[in-house]
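Below is one structure, written out as structure tokens; comments come after it.
The values are calculated or read from the model by the stated rules, or taken from the named source; none is laboratory data. Quick caveat: nothing in here was measured; it's all calculated off a predicted structure. Note: ideal-geometry Cβ built from the backbone for every residue, glycine included; neighbour counts use all protein chains shown.
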Amino acid sequence: MVDVFGATSTTEDVLLGINLRGKRIFITGVSAGLGVETARSLVAHGADVVGAARDLKKAEAATAQVRTNAEANGGSFELVALDLANLKSVRACADGLLKKGENFDVVIANAGVMASPFTNTADHFEMQFGTNHLGHFVLVNRIASLIRAGGRVINLSSAGHRYSNVNLQDPNFERTPYDPWVAYGRSKTANILFSVGFDKRHRGRGVRAAAVHPGHTH
């Protein structure tokens, strides 16, 4: 197993020699990009993955290889509906998981939007802050009891957090000219601060949280 990774490391490099059978992992945003690749890699090493997506039809098509890998390697894959820009949907997703009552070893808050034109969530929050931070904040806190001792919460942040600190005085740009990169930066800073806060509150029972910058992807 390689213990030093860099910009050219692949998911297979990172997971080489690791058996994830029996590990249950929840990932948001499995209809495209990093979410799909994360799910594919994890089930290929035997993990049981629950993937969340707003558009289940799109996610079904995008995760065909994920299902193939799961079947071939002793893992499993299932999809649940989740619209992070709608807190009613967030709560419904979380409550469905709580009702099922199956624990998770890892929760990966991957889904998000980046540098989008100004718009609001269903709950009237600025879209990037509402989706990238608030939706995940409500979801993860609501299902925190399902995370096993020794478990992990991973929030995908970004070096883009350097664009801006969080502005709780004007989170929805009601008094500030909207800048898509500033809004993105606010949301990514919030992801990091959420990781710090969640870790502080749950480390006593062995659950740790971290924020990661996934690098530039194309």
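Go through (1) surrounded by 18 or more Cβ atoms within 10 Å (Cβ to Cβ); (2) in a strand (DSSP E or B) one by one and return the number of the condition N191 breaks.
Of (1) surrounded by 18 or more Cβ atoms within 10 Å (Cβ to Cβ); (2) in a strand (DSSP E or B), only one is false for N191: (2).
Return the residues of the stretch 10-20 that are surrounded by 12 or more Cβ atoms within 10 Å (Cβ to Cβ) and over 21 Å from the mean Cα position of the chain (by Cα); say none if nothing qualifies. Talk me through it step by step, then tell me what you get.
Restricting attention to the stretch 10-20, the residues satisfying the condition of being surrounded by 12 or more Cβ atoms within 10 Å (Cβ to Cβ) are 11, 13-15, 18-20.
Across the stretch 10-20, the qualifying residues are D13, I18, N19.
Consider N165 against the criteria (1) touching a Lys or Arg at 6+ places or on another chain (Cβ under 9 Å); (2) at pLDDT 95 or above: it satisfies all of them except one. Which criterion is unmet?
In the conditions (1) touching a Lys or Arg at 6+ places or on another chain (Cβ under 9 Å); (2) at pLDDT 95 or above, N165 misses (2) alone.
Of all residues in the stretch 114-135 being among the small types (G, A, S) and part of a helix (DSSP H, G or I), which is surrounded by the most Cβ atoms within 10 Å (Cβ to Cβ)? Talk me through it step by step, then tell me what you get.
First, the residues of the stretch 114-135 that are among the small types (G, A, S): 115-116, 122, 130, 135.
Next, from what is left, pick out any that are part of a helix (DSSP H, G or I): 130, 135.
Details: G130: 25, G135: 27.
Per the criteria, the residue is G135.
When only residues in the stretch 194-208 that are under 18 Å from the mean Cα position of the chain (by Cα) and not in a helix (DSSP H, G or I) count, which is surrounded by the most Cβ atoms within 10 Å (Cβ to Cβ)?
V207
Note down all Cβ pairs under 7 Å where the first residue falls in the stretch 180-208 and is in contact (Cβ under 8 Å) with a residue 24 or more places away in the chain and over 14 Å from R152 (Cα atoms), the second is of a type in the set (A, V, I, L, M, F, W, C) and part of a helix (DSSP H, G or I), and they're at least six residues apart or on different chains.
A183/F129; R186/F129; S187/F129; A190/F129
Need the failing condition index for D13 against (1) farther than 18 Å from L156 by Cα; (2) in a helix (DSSP H, G or I); (3) modelled with pLDDT of 95 or more; (4) of a type outside the set (K, R), just the number.
Unmet for D13, out of (1) farther than 18 Å from L156 by Cα; (2) in a helix (DSSP H, G or I); (3) modelled with pLDDT of 95 or more; (4) of a type outside the set (K, R): (3).
Among G74, G151, which is the only one that is more than 18 Å from the chain's Cα centre (by Cα) and of a type in the set (G, A, S)? Working first, answer last.
Working: G151 fails: more than 18 Å from the chain's Cα centre (by Cα).
When all the criteria are applied, what remains is G74.
How many of the residues in the stretch 136-165 are small (G, A, S), closer than 30 Å to G206 by Cβ and surrounded by fewer than 22 Cβ atoms within 10 Å (Cβ to Cβ)?
First, the residues of the stretch 136-165 that are small (G, A, S): 144-145, 149-151, 157-160, 164.
Still in the running and closer than 30 Å to G206 by Cβ: 144-145, 149-151, 157-159.
Narrowing further to those that are surrounded by fewer than 22 Cβ atoms within 10 Å (Cβ to Cβ): 144-145, 149-150, 159.
Of the residues in the stretch 136-165, 5 are small (G, A, S), closer than 30 Å to G206 by Cβ and surrounded by fewer than 22 Cβ atoms within 10 Å (Cβ to Cβ).
Can you tell me how many residues within the stretch 1-20 are free of Cβ contacts under 8 Å to residues at least 12 places away in the same chain and of a type in the set (D, E, K, R)?
The total comes to 2.
Does F125 qualify as being within 23 Å of T38 (Cβ to Cβ), of a type in the set (F, W, Y) and either modelled with pLDDT of 95 or more or touching a Pro at 6+ places or on another chain (Cβ under 7 Å) (or both)? Write out each step before concluding.
Details: within 23 Å of T38 (Cβ to Cβ): no; of a type in the set (F, W, Y): yes; either modelled with pLDDT of 95 or more or touching a Pro at 6+ places or on another chain (Cβ under 7 Å) (or both): yes.
Here the answer is no, as F125 does not meet what is asked.
Restricting to the stretch 41-71, name every residue that is modelled with pLDDT under 95 and of a type in the set (D, E, K, R).
The one that is modelled with pLDDT under 95 and of a type in the set (D, E, K, R): E71.
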